[in-house]
Amino acid sequence: MQSRRRCLCVYAALLAVMVMLQGANAIEEVPFASLDPSQRNQVVLMYKSGDEANEQALDAVLHAEINVQDAVELGGMPGAEKLVFKKCDAYEGKNLLEMERVGLTEFPMIFTAIDGQGMERYVRETAATPEKFTDYIITKLEPTTDEDVFTYSEDLITDEYPVFVKFVEKWCSRCLTMKRAFENAATRMAGKVIFMEVVCSSSDAAQEFCTKHNVDGYPTIKLMGGNLKKSLFFVRDRSVQTMLDYLKEHVPDALVDRIAEDPENPDSAPNGTAEILANPPKSEL
């Protein structure tokens with residue numbers, strides 16, 4: 001019996017290795033010169049094979065690729081089938097020389113370019129881990145809606161709710177690039193933080209509001225309202241996860257007691273944007 005169990009364990013381990021190897025082979029190995037930063041829907045890993053941290057990054061990308069493929073097969077994530085995973089080994093051919101020529105000297109590096117979200121480098125961790133990187137990719141692929149993003153209204157800025165404000169202009173390409181990420185974060189934080197978009201040139205009042213908050217470039221993002229003593233500039237990268245991490249750091253100080261869920265009355269917490277719309281906070285300005 002023990003011998004049979006031992007054989008089953010060995011078989012399971014070999015099967016897991018085979019799956020990983022198949023996945024690794026499924027990630028296309030490409031020369032650096034062939035990479036196109038303007039191409040949408042791609043995940044690119046630049047790494048040095050044989051190094052522990054770099055191999056860990058490769059494992060993280062592999063793990064994410066497998067999970068994305070599973071999501072595609074289940075049909076629960078429209079658009080995920082367009083995402084292509086690529087890896088570029090610095091030790092292959094002239095890759096390292098060409099990378100150094102353009103200033104790429106730190107490895108591993110992972111870049112993502114999801115349709116409508118632009119190209120960005122993965123900087124959530126010093127060394128990518130499978131769980132966090134997979135969550136990062138899945139978050140970027142999730143469908144978004146603008147229903148949880150309010151248009152400009154200073155009536156929303158009170159001591160009751162913190163407000164995450166994005167100052168934009170319609171002609172701003174970087175504003176369009178982060179549109180989906182902002183919407184995704186808004187949906188995830190609904191009921192805790194109000195997300196608002198201000199098109200500065202849309203009205204005299206909007207322009208005055210932008211000037212008041214020292215907006216001199218786009219997009220500019222600030223956290224205000226709640227019981228924050230002063231508004232805070234958001235100056236990190238504009239990925240969904242970074243915005244969520246930032247809000248989780250600052251929102252506890254911005255929320256008043258009535259927003260927190262009452263343990264004796266679980267239904268007391270806001271249910272999201274719909275409830276805010278039904279019971280909008282009164283302006284104290």
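Report, by residue number, each residue of segment 170-192 that is out of contact with any strand residue (DSSP E or B) (no Cβ under 7 Å at 6 or more places or on another chain) and surrounded by fewer than 17 Cβ atoms within 10 Å (Cβ to Cβ).
Correct list: Trp171, Cys172, Ser173, Arg174, Leu176.
Taking the stated definitions as given, is Leu228 open to solvent by less than 50 Å² (accessible area, probe 1.4 Å), touching a Ser or Thr at 6+ places or on another chain (Cβ under 8 Å) and not in a helix (DSSP H, G or I)? Walk me through how you get there before you give the answer.
Working: open to solvent by less than 50 Å² (accessible area, probe 1.4 Å): yes; touching a Ser or Thr at 6+ places or on another chain (Cβ under 8 Å): no; not in a helix (DSSP H, G or I): yes.
It is false that Leu228 is open to solvent by less than 50 Å² (accessible area, probe 1.4 Å), touching a Ser or Thr at 6+ places or on another chain (Cβ under 8 Å) and not in a helix (DSSP H, G or I).
What helices (runs of 4 or more DSSP H), lying completely within segment 162-213, carry at least 2 residues that are touching a Gly at 6+ places or on another chain (Cβ under 8 Å) and in contact (Cβ under 8 Å) with a residue 60 or more places away in the chain? Reasoning before the result, please.
On the way: elements: 173-177, 179-188, 204-212.
Because the criterion is at least 2 residues that are touching a Gly at 6+ places or on another chain (Cβ under 8 Å) and in contact (Cβ under 8 Å) with a residue 60 or more places away in the chain, the helices (runs of 4 or more DSSP H) in segment 162-213 that meet it are 173-177, 179-188.
Of everything in segment 105-121, what is of a type in the set (Asp, Glu) and either in contact with a His (Cβ under 7 Å, 6 or more places away or on another chain) or crowded, with 17+ Cβ neighbours inside 10 Å (or both)? Give them in sequence order.
First pass over segment 105-121, keeping only residues of a type in the set (Asp, Glu): 106, 115, 120.
Within segment 105-121, Glu120 is the sole residue that qualifies.
Quickly run through segment 23-37 and pick out the residues that are within 20 Å of Ile137 (Cβ to Cβ) and open to solvent by 40 Å² or more (accessible area, probe 1.4 Å).
Result: Asn25, Ala26, Glu28, Glu29, Asp36, Pro37.
Could you run through segment 55-100 and say how many residues are of a type outside the set (A, V, I, L, M, F, W, C) and more than 18 Å from Ala128 (Cβ to Cβ)? Steps first, answer last, please.
Here is the first cut: in segment 55-100, the ones of a type outside the set (A, V, I, L, M, F, W, C) are 55-56, 59, 63, 65, 67, 69-70, 73, 75-76, 78-79, 81-82, 86-87, 89, 91-95, 98, 100.
Narrowing the set further to residues that are more than 18 Å from Ala128 (Cβ to Cβ) leaves 69-70, 73, 75-76, 78-79, 81-82, 91-95, 98, 100.
Of the residues in that region, 16 qualify.
Can you tell me which residue among Ala64, Ala71, Ala53 is open to solvent by less than 70 Å² (accessible area, probe 1.4 Å) and either of a type in the set (D, E, K, R) or under 24 Å from Arg238 (Cα atoms) (or both)? I'd like the intermediate steps shown before the answer.
Working: Ala71 fails: either of a type in the set (D, E, K, R) or under 24 Å from Arg238 (Cα atoms) (or both); Ala53 fails: either of a type in the set (D, E, K, R) or under 24 Å from Arg238 (Cα atoms) (or both).
One residue alone meets the criteria, Ala64.
On the basis of being surrounded by 14 or more Cβ atoms within 10 Å (Cβ to Cβ) and over 30 Å from Cys172 (Cβ atoms), does Leu96 make the cut?
Yes, satisfied.
Pick from segment 133-147 the residues that are open to solvent by 30 Å² or more (accessible area, probe 1.4 Å) and at pLDDT below 90: which of them is farthest from Val84 (Cα to Cα)?
Our first condition is that a residue be open to solvent by 30 Å² or more (accessible area, probe 1.4 Å); within segment 133-147, this holds for 135, 138, 142-147.
Narrowing the set further to residues that are at pLDDT below 90 leaves 135, 138, 142-146.
Numbers: Asp135: 17, Ile138: 14, Glu142: 16, Pro143: 18, Thr144: 21, Thr145: 24, Asp146: 26 Å.
Only one residue fits best here, namely Asp146.
Are there any pairs, at least 6 apart or on different chains, whose C-beta atoms fall under 9 Å, with the first in segment 221-234 and over 9 Å from Ile157 (Cβ atoms) and the second in a strand (DSSP E or B) and open to solvent by 40 Å² or more (accessible area, probe 1.4 Å), and if so, which?
So the pair list comes out as Ile221/Phe233; Lys222/Leu232; Lys222/Phe233; Leu223/Leu232; Leu223/Phe233.
Please state which one of Arg40, Arg124 is open to solvent by 40 Å² or more (accessible area, probe 1.4 Å), closer than 23 Å to Asn184 by Cβ and either within 15 Å of the chain's Cα centre (by Cα) or among the hydroxyl-bearing types (Ser, Thr, Tyr) (or both). Reasoning before the result, please.
Numbers: Arg40 fails: either within 15 Å of the chain's Cα centre (by Cα) or among the hydroxyl-bearing types (Ser, Thr, Tyr) (or both).
Answer to the check: Arg124.
In the list Phe150, Phe167, Phe195, Phe209, which residue meets the criterion of being touching an Asp or Glu at 6+ places or on another chain (Cβ under 7 Å) and either open to solvent by 60 Å² or more (accessible area, probe 1.4 Å) or more than 26 Å from Thr134 (Cβ to Cβ) (or both)? I'd like the intermediate steps shown before the answer.
Values: Phe150 fails: touching an Asp or Glu at 6+ places or on another chain (Cβ under 7 Å); Phe167 fails: touching an Asp or Glu at 6+ places or on another chain (Cβ under 7 Å); Phe195 fails: either open to solvent by 60 Å² or more (accessible area, probe 1.4 Å) or more than 26 Å from Thr134 (Cβ to Cβ) (or both).
Exactly one residue qualifies, and that residue is Phe209.
In segment 26-74, which residues are assigned to a helix (DSSP H, G or I) and more than 22 Å from Ala127 (Cβ to Cβ)?
Selection gives Ala26, Ala33, Ser34, Gln69, Asp70, Ala71, Val72, Glu73, Leu74.
The values are calculated or read from the model by the stated rules, or taken from the named source; none is laboratory data. Keep in mind the model is a prediction, meaning the values are calculated, not measured. Note that each Cβ is placed from the backbone with ideal geometry, even for glycine, and that neighbours are counted across all protein chains shown. Heavy atoms of the whole protein, side chains included, go into the accessibility calculation; ligands, DNA and RNA do not. Shrake-Rupley method; radii C 1.70, N 1.55, O 1.52, S 1.80 Å.
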